[in-house]
1. Zone of residue B:111 (label point 7 Å along Cα→Cβ, backbone N under 18 Å): which residues in segment A:10-31?
2. Tell me which lysines have Cα within less than 30 Å of residue B:17's Cα, excluding those fewer than 8 residues away on the same chain?
3. Roughly what angle does helix A:157-184 make with the longest principal axis of chain A, taking Cα atoms, 0 to 90 degrees, to the nearest 10?
4. What is the local net charge at residue B:165, summed over the other residues whose Cβ is closer than 11 Å to its Cβ (Lys, Arg +1; Asp, Glu -1)?
5. How tilted is helix A:59-86 with respect to the longest principal axis of chain A? Cα atoms for both, answer in degrees (0 to 90, nearest 10).
6. Compute the signed sum of charges (Lys and Arg +1, Asp and Glu -1) over the other residues within less than 15 Å, Cβ to Cβ, of residue B:139.
7. Students often forget the sequence filter, so: which lysines lie under 16 Å Cα-Cα from residue A:228 once same-chain residues fewer than 8 apart are removed?
8. Summing Lys, Arg as +1 and Asp, Glu as -1, what charge do residues with Cβ under 10 Å from the Cβ of residue B:15 carry, residue B:15 excluded?
Amino acid sequence: MNRLIRLFGTSIGRKLVMAVTGVLLIGFLISHMLGNMTVFQGQESMNYYAAWLKKHPFLWVARAGLLTIFGLHVVTAISLAIENNAARPEGYRKKSAVAATLSSRYIVVSGLLVLAFLIYHLAHFTFGWVQPDLYHFVDEKARHDVYRMVVLGFQNPIVTGSYVAAMLLLGFHLHHGARSLVQTIGLNHESYNTLIRIGSNTLVAALVIGNCSIPLMILAGFVDPAAK
Amino acid sequence: MNDEETMDLRLHVWRQKDSKSPGKMVTYRANGISPDMSFLEMLDVVNEELVTAGKPPIAFDHDCREGICGMCSLVINGVPHGPQQGTTACQLHMRHFRHGDEITIEPWRARAFPVIRDLVVDRRSLDRVLQAGGYVSVNTGSAPDANAIPVPQDNAEAAFDAAACIGCGACVAACPNASASLFVAAKAQQLSLLPQGQPEREKRAIHMVEAMDREGFGGCTNHYECEAVCPKGIPVRYIADLNRDFLRSALTSREVKPLPPAVDAEE
Ligand code: HEM
Ligand code: FES
């Protein structure tokens, strides 16, 4: 235990926390997206999936785990950001970035905006505060009609726009994050660096396009709210 | 040399009397500068004029002026060591500038590098990090036989590349977090890649990282600005190596004593 306390007291130890929680969050994002894709299969699929999740005996374990991982990621990020800021009390009058990308320089900002979106997203679909009139539908099998809530919800262009914007921000966060974590855990070799860059960009693009396809297809009228 | 070959410049230079006084940017003219001069020689010209006029010259660090000692430390137009990649400020020539250019010159900026005067900063924090583990212990006495210890060729090359670090601190100056990771990685890996560096390898990784944090450098967020400005082209691959070494040592080494307090060398 004493070992771990010493490890997480260091900057690299806390970067390990960022990388491990980052991988786990990316894993969650992939499974969350795949689950939500059931919307394209129709009402039965999505409501079945939603009811299965809601009744899952480990639902609260999973929620607690996610909250812990997310909380660790955010708290560690803030502690590192404060230290990194303090390391240069007097800045340059003129400073040019030579190699840093926009996504690396604004990772704290993109992270905080993703956090803001997450709160909005939970308020929207988990707590039903954003579009309360769409929250109480029940389907024929007496399940929460998640399908209609989602499909009618995303027919609102403002709602769809906010989700698309948030996913672009998430993609911006992960453009740096996904490749950065590989370096953090100590993997860097010219024989596979290109593969990592291509692989992480592909993964992030797939996440952004996949997630955006849901609200955009709905707004474009490709998903029938009355479909079974 | 005829007049057309020289150039006139406007310099915006950080002036600060001592570590306690506030500093400010001051504008100077550098006239009649030859493109064959080095950047430091250009500053020498300005300083001679200042001294002749009875004003205090611009203080800047330098020693070898041939790119090997790591003393020169100027942020030129927002880039440590200036626009020419793989080149120290002392080896940067004025032909990379044009007549009429405005050039901003600032000191390395980091909490761990307090300004001593003008463009001179105190970089002893780097020495203290080295003191924490950037060494190998050897027995005195007769010299060991040459080639008695086999060293894989690849490791020898990699250690040599890391050893190219001249400890100038440009990596710190360039990093948005003022992190010394590239310096620490190079100084740790140049030893840890070799058989002679193995006995102290775990302790070295842990103590150097702890010392780096203690000195108030920031952490690495993988921007790779350091690699881009390093006059010796040290790659960030060594930071990954250090991360791996550090994480493995911190999690699995048998015993590593707490980091001892730093002692400053004589002034
Ligand atoms: C689902 C959401 C998120 C995912 C998948 C994610 C993923 C990642 C990944 C993979 C990294 C790279 C770690 C490394 O460089 O080793 C990272 C870094 C970072 N994340 Fe997130 N993140 C998410 C949300 C957030 C939030 C809400 C914040 C809020 C502050 C945040 C702040 C940061 C910061 C500041 C870094 C850089 C840390 C550093 O390099 O020191 N992230 N993230
Ligand atoms: S003065 Fe020695 S490296 Fe520039």
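1. Answer for segment A:10-31: A:10-15.
2. Correct list for residue B:17: A:94, A:95, B:55.
3. For A:157-184 against chain A, the angle is about 40 degrees.
4. Its environment carries a net charge of +1.
5. 30
6. That works out to -2.
7. A:141
8. +2
Values quoted throughout were computed directly from the atomic coordinates according to the rules given, and no laboratory measurement underlies them. Model, not experiment: these values are computed from the prediction. No Cβ is skipped: glycine too gets one built from the backbone with ideal geometry, and neighbour counts run over all protein chains shown.
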